[in-house]
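Beneath this line is the structure, given in structure tokens, with notes to follow.
The values are calculated or read from the model by the stated rules, or taken from the named source; none is laboratory data. Owing to the predicted nature of the structure, the values given are computational and were not obtained by experimental measurement. Positions of Cβ are backbone-derived with ideal geometry, glycine not excepted, and every protein chain shown enters the neighbour counts.
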Amino acid sequence: MQKRFSGVVVPMITPLNKDFTVDVVAVERIVTLFAENGIHPLVLGTTGESSSIGELESFRLVEAAVKTKAKNQCIYVGLVGNQVDDLIHRGNLYISSGADCVVATLPSYYGLTPNQMTLFYKTLADEIYGPLMMYNIKATTQMSIPLEVVTELSSHPNIWGLKDSERDVERMELLIKTYKSNPDFSYFCGWGAQSAGSLKLGADGIVPSTGNYVPEMYKNLYEAAINQDWEVCDTWQNETDIVAQQYQKDKTLGESLAVLKALMYKKKLCNKTMMPPLTEVE
């Protein structure tokens, strides 16, 4: 079953000029490269330094991505922040600009109860005039969206899925089993090392940051999964794991993103510039 939202969605780095403005030319270059490999961009996600980029540059980034996207390419846009009215405003701005779906993390300053999480997502879903997905990433929000909250929200007509980056195999298996037959709710695995494993279980899509650097490998991995050639799929999983180690091993999340940009700089895809407080590597 091909759901509305599925496939390889790469959380795109945000290419920056030296003055910290968005490098629109590099955005177009990367989105085109993704299209050539059957990949959809998620701009302004965690890999895109979303929490550090203001409204004006965020809008320029989304506008450039939408302008460049190929016919069969979806543009996903992250919503990250603690002011709900601002998230609603940005969400509608992105949808009106042509984004296909907005993907929202939990506000991260206060610890939230399950009821507060539910209310937060219902508020966004009611007020944003386009598809919304939930984004569970405990590494940055310090909270996990409980399974019962996901269950309740999955029935909302404007909530189309969950991108889950929590490193919990049991949770992943249960979520995939629960929603793989639901035509209106997609499960995306945001744990790169489980790309092949999640697809074997029936995940609708994967969200690997390493796809910024080696999109062709994820094209091959996903095609093998579609063809149920699990031996080839596992081979590409191993290859991408090796690549991921180049920028992730023994590094904080912020440090790893800087090394990822440096690797992409060597391929002439973008500059190494990082948005403060993060810093670039030599």
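With the requirement that a residue be assigned to a helix (DSSP H, G or I) and surrounded by fewer than 15 Cβ atoms within 10 Å (Cβ to Cβ), what does segment 117-140 give you? Selection gives Leu119, Thr123, Asp126, Ala139.
Can you confirm whether Asn212 is of a type in the set (S, T, N, Q), crowded, with 20+ Cβ neighbours inside 10 Å, at pLDDT 95 or above and over 25 Å from Leu33 (Cα atoms)? So Asn212 fails the test.
Please enumerate the residues belonging to segment 54-94 that are among the β-branched types (Val, Ile, Thr) and farther than 22 Å from Met117 by Cβ. Val62, Val66, Thr68, Ile75 - these are the residues of segment 54-94 that are among the β-branched types (Val, Ile, Thr) and farther than 22 Å from Met117 by Cβ.
In segment 99-109 there is at least one residue that is surrounded by fewer than 18 Cβ atoms within 10 Å (Cβ to Cβ), modelled with pLDDT under 95 and farther than 22 Å from Asp184 by Cα.
For segment 169-183, check the following and say yes or no: at least one residue is crowded, with 21+ Cβ neighbours inside 10 Å and hydroxyl-bearing (Ser, Thr, Tyr). Yes - at least one qualifying residue is present in segment 169-183.
Quick grid of which residues meet (1) part of a loop (DSSP other than H, G, I, E, B); (2) within 18 Å of the chain's Cα centre (by Cα):
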| position | (1), (2) |
| --- | --- |
| Thr14 | yes, yes |
| Lys18 | yes, no |
| Arg29 | no, no |
| Phe34 | no, yes |
| Pro41 | no, yes |
| Val62 | no, yes |
| Ala65 | no, yes |
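Screening the candidates Glu173, Glu148, Glu166, Glu152 for the property of being in a loop (DSSP other than H, G, I, E, B) and either over 30 Å from Lys268 (Cα atoms) or touching a Pro at 6+ places or on another chain (Cβ under 8 Å) (or both) yields one hit, Glu166. The C-beta contact set for segment 18-40 (first residue more than 11 Å from Thr68 (Cα to Cα) and modelled with pLDDT of 95 or more, second residue part of a helix (DSSP H, G or I) and of a type in the set (A, V, I, L, M), distance under 6 angstrom, 6+ apart or interchain) comprises Val22/Leu61.
Evaluated against (1) in contact with a helix residue (DSSP H, G or I) (Cβ under 9 Å, 6 or more places away or on another chain); (2) farther than 30 Å from Leu263 by Cβ; (3) of a type in the set (A, V, I, L, M, F, W, C), Phe188 falls short on exactly one condition, (2).
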